[in-house]
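Before any comments, here is the structure.
Every read-out reported here was derived from the displayed coordinates using simple, explicitly stated rules and does not represent laboratory data. Every value quoted in this text rests on a predicted model; they were computed, and no experiment measured them. Using ideal geometry, Cβ is built from the backbone for each residue, glycine included, and neighbour counts are taken over all protein chains shown.
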Amino acid sequence: MGLSKTIWTNPTEYLRNQQPENPVLFFAPQAVQATARRFVQGFPGLVTYAVKSNPSEEVVENLIAAGVKGFDCASPFEIDLIRRLDPDAAIHYHNPVRSRAEIAFAIDRNVTSWSVDSRSELAKLIELVPAKGCEISVRFKLPVEGAAYNFGAKFGATAEVAAELLKIVADAGFVPSITFHPGTQCTDPEAWASYIREAAVIARSAGVKIARLNVGGGFPNNRVDGESVDLHAIFETIDRVTAESFGANRPALVCDPGRGLCGDAFAVAARVKSVRDDQHVFLNDGIYGSMFEFSQIGIINRIEVMDQNGHRRMGEVQGRVVFGPTCDSVDRLPGEVPLASDVQEGDFIVFQGMGAYSTVTNSRFNGFGELGLVTVLGLTL
């Protein structure tokens with residue numbers, strides 16, 4: 001998948017002229033830069049990008065151009081990517097479980113910010129990482145609602161263990177901080193508020209003044225037609241509750257959005273391979289392609305059906321069973337997808353808000369998965 005050199009006006013122009021047989025991912029650099037500026041100017045602290053959501057070089061370069069100065073990395077690959085594109089960037093290695101080889105790799109590349117959520121992994125960091133000037137953020141979890149799904153099943157210490165770990169971090173000479181993740185596609189500001197209040201309790205229980213509070217990712221992108229994301233309300237809540245909860249010991253704030261930064265800068269166009277007996281719709285993209293995440297957090301309903309000439313299908317919207325191209329029966333979009341009733345073979349279905357967890361989860365199962373990448377000035381059809 002390589003970025004096209006031609007810049008098209010919008011997806012409609014490209015689809016009408018090129019008639020692609022493989023799915024296409026449309027990228028609007030102006031959109032990702034505009035969103036990045038909203039974060040940099042509105043969030044009351046340091047904004048870092050969660051590289052895992054979309055590690056495309058063009059995304060990272062546009063974020064840098066918009067003023068993003070930090071990156072949340074989860075692997076040696078991501079660390080190398082950022083060091084190559086922005087050698088002076090702040091890198092937070094916040095995958096809380098790492099091999100000794102991965103730790104050595106990060107040390108060699110001047111990574112000085114780490115996270116941890118267990119005694120065994122903290123002992124490993126204390127053994128291998130020089131303490132001077134290095135930050136270790138203790139990650140904790142809460143049973144908080146408001147997200148499409150939370151990450152507590154895999155990562156995060158309980159509040160009691162977090163307090164214990166935080167004290168060990170401080171006693172070992174590291175810069176003590178706290179981090180959490182409210183869960184992906186989180187739309188409720190109160191989820192952050194609950195976590196921030198508990199972080200203050202953990203710090204007091206440990207008797208530690210923390211340097212920074214990383215409020216994680218989870219910032220949503222626009223997945224529902226007719227609804228907009230109120231970032232200002234989330235930023236205001238984070239700022240206010242931090243001040244209320246920590247008082248004179250208020251830490252510096254950090255966030256690490258992924259989908260919140262890149263999600264709305266991309267759209268995917270899939271082609272209709274067949275409308276089987278005027279019922280089931282088969283696409284050239286699906287769960288094994290750029291739509292893997294649909295099975296995890298639900299389908300995006302910002303969808304348009306276009307004929308081969310770039311005209312919108314205007315039939316009444318009705319739910320359809322939609323399958324991807326592979327021979328696996330699980331390659332089906334969840335539920336029934338709202339499509340124009342006059343959808344036909346050869347049409348294009350354009351899904352907006354597809355910048356996160358699309359390219360990175362795309363597989364080549366059954367030989368499908370070839371995904372074009374096209375630059376456009378804007379994503380409006």
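Quick look at the values:
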quantity	calculated
Derived scalar couplings ³J(HN,Hα) [the range 134-141; Karplus, 6.51 cos²θ - 1.76 cosθ + 1.60; whole Hz; x for Gly, Pro]	9, 9, 10, 9, 7, 9, 10, 9
Residue-span extension gain [Leu377 to Asn309] - 0.36 nm each, minus C-alpha spacing	22.5 nm
Most fluctuating residue given options Leu25, Leu261, Leu333, as computed from a GNM of the chain linking Cα atoms under 10 Å	Leu333
Packing-based order for 176-182, 112-118, 59-65, using average beta carbon neighbours within 10 Å, highest first	176-182, 112-118, 59-65
Fewest-first sequence of Ile297, Ile210, Ile287 by Cβ atoms within 10 Å of each Cβ	Ile297, Ile287, Ile210
Which of Met306, Met291 has the fewest Cβ neighbours within 10 Å, and the rest in rising order	Met306, Met291
Sequence-distant lysines (8 or more away, or on other chains) whose Cα lies within less than 24 Å of Lys167	Lys124, Lys132, Lys141, Lys154, Lys209
Cα long-axis angle, helix 189-206 against the chain (0 to 90 degrees, to the nearest 10)	20 degrees
Fewest-first ranking of Ile303, Ile349, using other Cβ atoms within 10 Å as the exposure measure	Ile303, Ile349
Tilt relative to the chain, helix 231-246 - C-alpha long axis, 0 to 90 degrees, to 10	10 degrees
Other-chain or far-sequence residues with amide H under 5 Å of Arg332's (modelled H)	Ile287, Gly324
Distance in nm between pseudo-label sites at Val40 and Thr9 (7 Å out along the Cβ direction from Cα)	3.0 nm
DSSP bridge orientation in the chain - percent antiparallel, rounded to nearest 5	40 percent
In degrees, nearest ten, helix 159-171 long axis to first principal axis of the chain (Cα)	60 degrees
Over the range 211-295: Rg over Rh, Cα atoms, Kirkwood Rh	1.21
Choice from Phe71, Phe155, Phe266 with maximal GNM fluctuation in the chain (Cα, 10 Å cutoff)	Phe155
Protection-proxy order for peptides 17-24, 158-165, each taking the mean of Cβ atoms within 10 Å per residue, highest first	158-165, 17-24
Placed amide H near Gly67: partners under 5 Å, 5+ positions off or other chain	none
Amide H contacts of Asp225 (H built 1.01 Å from N, under 5 Å, at least 5 apart or other chain)	Asn301, Arg302
Theoretical ellipticity at 222 nm over the chain - DSSP helices of four or more residues, -39500 (n - 2.57) apiece, nearest 500	-9000 deg cm²/dmol
